[in-house]
Number of protein chains: 2
Amino acid sequence: MSAIRAKIAGRALAAGDRLPSIRSLAASMGVSPSTVVEAYDRLAAEGQIRARRGSGFYVAPTVTSPLALSEVEPRRDRAVDPFWVSRQSLDTDAAVLKPGCGWLPPEWMPEAALRRAVRALARADEGLLTDYGSTRGALVLRRLLLTRLADDAITASIDQLMLTGSGTQGTDLVCRFLLRPGDTVLVDDPCYFNFRALLRAHQVKIIGVPYTPSGPDVARFEEVLAADRPRLYITNSALHNPTGATLSLPTAHRLLTAAAAHDLTIIEDDIFGDFEPERSPRLAALDGLNRVIRIGSFSKTLSASVRCGYIAARADWIEHLVDLQVATSFGGPSPVATEIIARVLAGGGYRKHMDELRQKLTRTRRDVARKLQTLGIEPWLMPRGGFFLWCRLASGQDATQVARTALEEDVVLAPGNVFSVSQTASAFMRFNVAQMNDPRMWDVMRRALKTASEPIDRRGLRRSGL
Amino acid sequence: MSAIRAKIAGRALAAGDRLPSIRSLAASMGVSPSTVVEAYDRLAAEGQIRARRGSGFYVAPTVTSPLALSEVEPRRDRAVDPFWVSRQSLDTDAAVLKPGCGWLPPEWMPEAALRRAVRALARADEGLLTDYGSTRGALVLRRLLLTRLADDAITASIDQLMLTGSGTQGTDLVCRFLLRPGDTVLVDDPCYFNFRALLRAHQVKIIGVPYTPSGPDVARFEEVLAADRPRLYITNSALHNPTGATLSLPTAHRLLTAAAAHDLTIIEDDIFGDFEPERSPRLAALDGLNRVIRIGSFSKTLSASVRCGYIAARADWIEHLVDLQVATSFGGPSPVATEIIARVLAGGGYRKHMDELRQKLTRTRRDVARKLQTLGIEPWLMPRGGFFLWCRLASGQDATQVARTALEEDVVLAPGNVFSVSQTASAFMRFNVAQMNDPRMWDVMRRALKTASEPIDRRGLRRSGL
């Protein structure tokens with residue numbers, strides 16, 4: 001990096017000049033090509049140089065105005081921490097393939113219904129286009145949500161429901177309401193990586209409970225409740241992220257019994273619930289929204305751009321959470337966003353869209369699983385629905401290394417340890433079957449798997465129950 | 001309340017029955033009419049009875065499904081705390097008049113430009129309608145913002161800027177990044193009430209510095225910095241909320257000198273900046289976004305429904321704030337929202353809209369000030385721009401009492417103490433001149449002022465410098 005910087009500063013390399021090829025610079029400096037790639041990527045992130053796809057790196061134009069700076073790309077050298085997958089998959093451009101990301105491709109989303117809803121929005125009352133809206137969010141959408149909760153056997157009244165800027169924001173509000181720095185929080189191991197990121201922001205102690213095909217390991221769950229007195233447990237019951245497993249009814253009952261005995265509150269994030277072929281038990285249904293808080297959103301099924309989530313909980317908690325949302329966001333979610341969501345949901349096409357999506361995903365899961373098996377990659381289980389496959393790599397391959405190598409060729413993977421509190425999922429990887437259609441992705445995977453060589457921490461894996 | 005409840009429970013009053021008139025029930029129970037109004041309002045909030053405008057109260061239909069419940073209205077009896085104005089003005093219906101609220105009526109907003117932008121959105125790429133978008137928010141809008149910052153003499157590069165879900169959310173993210181429970185934070189006295197609500201959520205100690213017509217009282221500011229070592233100061237420099245005052249250049253210089261000596265960080269919330277006739281000094285411009293963080297949004301000038309705010313700060317802080325926004329909201333603001341904002345801003349009509357708005361507001365401020373003076377209400381100063389008038393009531397009148405009385409007649413006012421950390425603004429009230437066109441509002445005000453009788457706390461007022 002300093003060699004290139006010196007050449008640019010000394011005008012040996014001027015704006016628009018092509019930089020030495022990676023191979024030639026590696027050879028002349030006696031370093032590995034991946035070191036040069038990393039240096040070039042960092043210089044590009046700093047705005048000093050620019051990458052042109054398929055053509056190499058060039059010195060960036062001399063910056064006289066801050067406007068001339070290119071967008072900051074995510075730093076590829078950042079630690080493979082809970083932010084790694086989100087930053088890489090949110091911030092890289094459309095040419096980067098993202099089998100590691102957590103959402104469907106645009107063409108799988110209900111595009112026509114969204115466009116219809118946006119056109120109708122253009123004719124809405126001027127107040128809807130300009131005003132803040134109510135603090136709990138649009139009544140019409142909350143009413144629609146109550147009927148959807150009833151489908152999950154969750155009986156709630158309208159004052160037990162509030163809309164939020166996103167599902168994540170809903171979870172965050174609940175954490176702000178319930179947690180103090182130093183509290184202990186339980187998560188599944190593995191769990192959705194952003195639960196870990198969120199809980200870090202709350203400065204709490206995180207304990208993972210090994211996840212089994214029917215839910216968390218109940219014996220361990222009970223042990224941790226007795227020993228560590230956690231304040232909160234965050235989980236997905238239906239189509240657990242990343243494993244795709246489903247909570248069984250007996251496990252749900254035992255969890256709630258233990259929770260009641262130790263006054264534990266549970267956040268049940270139902271973000272993938274609509275992808276289930278048949279409805280599975282919900283903790284919120286068994287408990288009756290007493291100590292269980294239901295979180296949901298439409299980002300996976302309808303649109304992640306039109307952002308809106310919700311919280312269903314005890315009415316007195318909702319009252320406090322509404323105040324907290326006013327204090328921290330001034331009001332509820334964008335009325336424009338909730339109007340679009342409500343129109344698509346009420347339009348009648350949503351059920352058909354989800355039916356088709358579920359069928360398409362059933363085929364795609366099977367096809368992708370078969371293809372992964374030819375690479376020695378085995379699904380931990382075949383999920384009942386959704387778009388994730390939680391897979392074990394062939395023995396001897398380290399998922400983090402595979403992900404780093406693939407990223408150099410513009411493929412974002414989701415290595416197991418970003419999901420694991422105990423860091424015992426180094427042999428695992430989460431695949432998004434809907435994002436694996438491009439043959440280039442499979443070529444990159446094949447090469448990355450070949451170069452991966454670090455041994456798996458077998459002891460650790462046994463310990464985590466994976 | 002229990003008398004009515006008993007009648008409903010005992011079927012003496014059935015669904016759809018009209019309740020006794022307020023006057024007759026007050027007479028028969030030997031209580032004041034306002035006690036009956038309060039009881040009816042609470043029963044309505046509980047869903048037991050319904051108000052029909054101009055026709056009285058009726059027993060609500062028997063609820064068999066939670067769907068049949070009416071929307072929960074804000075509780076009118078809640079304490080006049082920092083949430084009072086926001087909850088009352090966000091959650092009451094359109095028939096309630098809101099001279100206390102902090103936004104313009106829909107007909108003052110650029111409706112045609114918004115509709116054009118929404119129609120264009122209906123034709124946008126499917127990815128824009130369905131994907132999460134980048135963590136810093138749409139590049140096109142960030143570039144537009146850089147040119148607008150340059151108008152305020154603030155030089156920033158693209159990596160010093162991120163979009164957020166709202167201006168408040170931007171402030172909240174910065175607070176999460178900088179503050180720990182127990183820290184001390186400085187605000188102006190009076191200040192925007194939601195700063196107080198937000199800081200409560202962060203569990204910090206809040207100290208107010210009296211605000212003068214040219215900014216905070218600098219001598220007091222320096223004293224507090226030396227004695228209490230606050231971590232943060234939150235302010236509006238241009239068109240301060242609620243006073244409409246403007247920070248002077250010498251005061252800005254002294255504030256920054258003191259801030260540097262005591263390593264104080266400053267959040268400069270510029271939400272009303274575009275309402276200024278000519279640009280006044282910004283702390284962020286003098287400081288060069290070193291220890292000053294600029295927050296902004298489009299909720300006051302363009303749309304509060306299409307929500308989007310931004311943070312401009314040191315690049316290394318932005319990097320952390322982006323992670324924090326991913327952890328707590330999963331990503332930046334809605335791409336749909338930022339696309340609408342960017343289209344309106346780039347459309348060229350925005351400058352003309354703001355020119356017209358400023359002229360209209362100049363006339364309206366003058367007319368409303370004159371009208372208020374006929375009620376004995378005197379503006380503390382005539383602001384250079386914006387829609388607020390911070391006014392002193394005639395001596396002997398308590399603003400909180402006036403606001404409570406007016407609320408009984410469906411008029412939301414903003415009593416001084418919701419803005420005051422020291423609770424020394426009981427003789428003051430903030431008026432939104434754009435929301436005072438309805439003659440009914442003036443009748444209600446006149447009556448409410450008449451019934452107000454509590455003496456002003458003169459000592460307190462002198463102490464606060466007001």
*asked:* Pairs please, first residue from the range B:101-116 and over 25 Å from residue B:441 (Cβ atoms), second anywhere and of a type in the set (A, V, I, L, M) and surrounded by fewer than 19 Cβ atoms within 10 Å (Cβ to Cβ), Cβ atoms under 6 Å, 6+ apart in sequence or on different chains.
replied: B:115/A:122
*Mind checking whether some residue in the range B:294-304 is out of contact with any helix residue (DSSP H, G or I) (no Cβ under 7 Å at 6 or more places or on another chain), surrounded by fewer than 24 Cβ atoms within 10 Å (Cβ to Cβ) and assigned by TED's automatic domain parsing to the domain that holds residue B:155?*
yes
*Looking only at the range B:278-294, which residues are closer than 15 Å to residue B:247 by Cβ and either modelled with pLDDT of 95 or more or out of contact with any Asp or Glu (no Cβ under 7 Å at 6 or more places or on another chain) (or both)?*
B:278, B:280, B:281, B:282, B:283, B:284, B:285, B:286, B:287, B:292, B:294
_Residues to consider are A:183, A:189; find the one that is surrounded by 23 or more Cβ atoms within 10 Å (Cβ to Cβ) and outside the structural domain of residue A:426 (by TED's automatic domain parsing)._
A:189
*Which of the residues belonging to the range A:126-137 are of a type outside the set (Lys, Arg) and facing chain B (nearest Cβ under 10 Å)?*
A:126, A:127, A:128, A:129, A:130, A:131, A:132, A:133, A:134, A:135
*Are any residues in the range A:134-148 assigned to a loop (DSSP other than H, G, I, E, B) and closer than 19 Å to residue A:302 by Cβ, and if so, which ones?*
A:137, A:138
*Is it the case that the range A:99-107 has a residue that's assigned to a helix (DSSP H, G or I), crowded, with 24+ Cβ neighbours inside 10 Å and not charged (D, E, K, R)?*
no
*Only residues in the range A:149-177 that are more than 10 Å from chain B (Cβ to nearest Cβ) and closer than 23 Å to residue A:301 by Cα count as the first member; pair them with residues that are among the acidic types (Asp, Glu) and assigned to a loop (DSSP other than H, G, I, E, B), Cβ under 8 angstrom, at least 6 apart or cross-chain, and list the lot.*
A:152/A:270
*Hey, residue B:208 hits all of (1) touching a residue at least 60 places away in the same chain (Cβ under 8 Å); (2) in contact with a Leu (Cβ under 7 Å, 6 or more places away or on another chain) but one; which does it fall short on?*
(2)
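Let's see how each residue does on (1) touching a strand residue (DSSP E or B) at 6+ places or on another chain (Cβ under 6 Å); (2) modelled with pLDDT under 75:
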{"site": "B:30", "(1), (2)": "no, no"}
{"site": "B:56", "(1), (2)": "yes, no"}
{"site": "B:64", "(1), (2)": "no, yes"}
{"site": "B:71", "(1), (2)": "no, yes"}
{"site": "B:78", "(1), (2)": "no, yes"}
{"site": "B:87", "(1), (2)": "no, no"}
{"site": "B:92", "(1), (2)": "no, no"}
*Looking only at the range A:319-339, and only at residues there that are more than 23 Å from residue A:306 (Cβ to Cβ) and more than 8 Å from chain B (Cβ to nearest Cβ), the one that is surrounded by the fewest Cβ atoms within 10 Å (Cβ to Cβ)*: A:320
*Evaluate the range A:377-385: report whether one residue or more is closer than 16 Å to residue A:449 by Cα and in contact with an Asp or Glu (Cβ under 8 Å, 6 or more places away or on another chain).*
no
*Considering the range A:13-27 alone, what residues qualify as being touching a Gly at 6+ places or on another chain (Cβ under 9 Å) and either among the charged types (D, E, K, R) or outside the structural domain of residue A:50 (by TED's automatic domain parsing) (or both)?*
A:18
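The values are calculated or read from the model by the stated rules, or taken from the named source; none is laboratory data. Because the structure is a prediction, the values reported are computed rather than measured. With ideal geometry, Cβ positions are generated from the backbone for all residues, glycine too; neighbour counts draw on all protein chains shown.
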